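Structure first, commentary second.
The values are calculated or read from the model by the stated rules, or taken from the named source; none is laboratory data. This is a predicted model, so every value here is computed, not measured. All Cβ positions, even for glycine, are placed from backbone atoms using ideal geometry, and neighbour counts span all protein chains on display. With ligands, DNA and RNA removed, areas are computed over all heavy atoms of the protein, side chains included. Shrake-Rupley method; radii C 1.70, N 1.55, O 1.52, S 1.80 Å.
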Amino acid sequence: MARVLTLNGGSSSIKLALFEVGPPLRRVLEGGIERIGLPTAALRIKGEADAPVAAPDHAAAVGVLVDWLSRRGVLEGLVAVGHRVVHGGPTYSEPQRITAAMLEVLRGFVPFDPEHLPEELLLTETLSRRLPQLPQVACFDTAFHHDMPRVAQLLPIPRRYEAQGLRRYGFHGLSYAFLMEELTRVAGADAAQGRVILAHLGNGASLAAVRGGKSVDTSMGFTPSSGIPMSSRSGDLDPGLVSYLSRADGMTAEQFNQMAATKSGLLGISETSSDMRDLLSREAQDVRAAEAVALFVYQVKKWIGAFAAALGGLDTLIFAGGIGENAAAVRARACEGLGFLGVEIDPQRNAANDATISSGRVAVRVIKTDEERMIAGAVCRILQLA
C-alpha cells in the first residue's frame, strides 16, 4: 500500500502523520518529536509510550524519525513527503514539488519568518540527503490568503517597502482550507459560498473572513505574531513600544522580537502559563489568569465584529484549533453580546462541544481541523497519486 508522510516542523518540534493513499486517505500513524534542542527531547507516537531521544537540532531529529520509520518498515511503502511551510512569501500560492530552485527562493524569505522557515528548510534538506529519491511537496500556510483584496494586503508604511515583499500575508491557511472543505461537506455549497468567519484558536490563533469561498481578510498580517494575543505571542502592538523599550530598557530589535513572539500573550499577562486550560482553572483565584483570559476573549470578539462589518453581515461562524474546539467557556464568552449580529449560543450544545452550538440565525459550528490531511491530499494531487 502506497503511503504519504506529512511533516510539520516548528521551532522545537516536528509533527508527523502517515496516510495510506486512497481514496479515501486513511491516517495510520501520528506523532512526532518534541522539545528538540533540550535534554528532555522525546519521540511521541499516538498509542505508544514516549521514548527519550537525542535531538540537539532539527537535523538530528529528522535522523531519529527516519531511523524509527525504517525500523517499523514504513519506508518500504513510502512514496512522498509533504511539508507544511509557514511562509510562501509573495511567490508561492499553491502547493509545489520542492526543488533546489524553490529552496533558494525560500531562503530569501527567511527574514520574513526567522522563527519557522530556517527549521522548515533544514527539515527538507536533511530528508533529501537521507532519502534522495523521495519526492517532497511544500504546502504553504500563506496560500489561502494569497489573493485577498489588495486593501487587505497593504501595510500602511512607505510604498517602497512593498517591492521588498512587505505586505499582509495571513497564516493558518491549511487549517482554513480544510475548514471550508468541511463546511461544504456538512452544510452544503451554499453555506460555504456565504459570509463566513473562521476562528482558528490554538497556541497560535487567528481569524479569517471568507466570502464566496475566498479569504477577504485575516487577523495575522506580515508575521504570525500579529493579530490577536496568543499563547506566547503578543498579537498587534503599538510600534512606539519598540522605540520606548529601546530607550528605557536598552532592548534591541532582536530582543523585542523574542519578547513579542515567545514571552507575551497569555504567558506575558498571566505570568504563569501559556495554556488556556491552566488559566481557566485558575481565573477564580488569580486575577492575572482572569485578565489573560478576558483579553483573549475580548480580542476574539472584537475581530468577529470587525470581520462581520467587512463581510456585510454573517452567516456562519466556525471555531477550530485546540482552544476553539475544546474550550466551551471561551466560545461562550466570545459570542456573548453578539446577538445583534444573529449570533446566539445554545449553552447545552456548547458545553457538550457539539458540531453545531447555535440557537440563532447565524450557524455557529465547532469543527476539528486537520492540516495534515490537507497536506497529504495536496501531495496526492500534485504527484498524481491514485
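The residue that is surrounded by the fewest Cβ atoms within 10 Å (Cβ to Cβ), among those in region 139-178 that are touching a Leu at 6+ places or on another chain (Cβ under 7 Å) and under 21 Å from ALA309 (Cβ atoms), is LEU155. For region 121-141, which residues satisfy the criterion of being more than 18 Å from SER93 (Cα to Cα), hydrophobic (A, V, I, L, M, F, W, C) and either part of a helix (DSSP H, G or I) or in contact with a Gly (Cβ under 7 Å, 6 or more places away or on another chain) (or both)? Residues satisfying the conditions are LEU122, LEU123, LEU127. Of everything listed in (1) under 23 Å from HIS87 (Cβ atoms); (2) part of a loop (DSSP other than H, G, I, E, B); (3) in contact with a Ser or Thr (Cβ under 8 Å, 6 or more places away or on another chain), the single unmet condition for LEU38 is (1).
Take ARG26 and decide whether it is among the basic types (Lys, Arg) and under 22 Å from SER128 (Cβ atoms). Spelling it out, it is not the case that ARG26 is among the basic types (Lys, Arg) and under 22 Å from SER128 (Cβ atoms). Among the conditions (1) touching a Ser or Thr at 6+ places or on another chain (Cβ under 7 Å); (2) of a type outside the set (Phe, Trp, Tyr); (3) modelled with pLDDT of 95 or more; (4) open to solvent by 70 Å² or more (accessible area, probe 1.4 Å), ASN203 misses just one, which is (3).
On the stretch given as region 345-366, residues that are under 15 Å from VAL186 (Cβ atoms) and crowded, with 20+ Cβ neighbours inside 10 Å total 6.
On the stretch given as region 279-327, residues that are among the hydroxyl-bearing types (Ser, Thr, Tyr) and touching a Gly at 6+ places or on another chain (Cβ under 8 Å) total 1. Residue count for region 73-120 under the criterion of being of a type outside the set (Ser, Thr, Tyr), assigned to a loop (DSSP other than H, G, I, E, B) and open to solvent by 40 Å² or more (accessible area, probe 1.4 Å): the result is 5.
Inspect region 302-320 for any residue being more than 17 Å from GLN193 (Cα to Cα), among the charged types (D, E, K, R) and either modelled with pLDDT under 95 or under 18 Å from the mean Cα position of the chain (by Cα) (or both) and give the result as yes or no. No, every residue in region 302-320 fails to be more than 17 Å from GLN193 (Cα to Cα), among the charged types (D, E, K, R) and either modelled with pLDDT under 95 or under 18 Å from the mean Cα position of the chain (by Cα) (or both).
Just wondering, is there one or more residues in region 302-312 that are touching a helix residue (DSSP H, G or I) at 6+ places or on another chain (Cβ under 9 Å), open to solvent by 50 Å² or more (accessible area, probe 1.4 Å) and either charged (D, E, K, R) or free of Cβ contacts under 8 Å to residues at least 60 places away in the same chain (or both)? Within region 302-312, not a single residue is touching a helix residue (DSSP H, G or I) at 6+ places or on another chain (Cβ under 9 Å), open to solvent by 50 Å² or more (accessible area, probe 1.4 Å) and either charged (D, E, K, R) or free of Cβ contacts under 8 Å to residues at least 60 places away in the same chain (or both). Scanning region 37-50 for residues that are hydrophobic (A, V, I, L, M, F, W, C) and modelled with pLDDT under 90 yields a total of 1.
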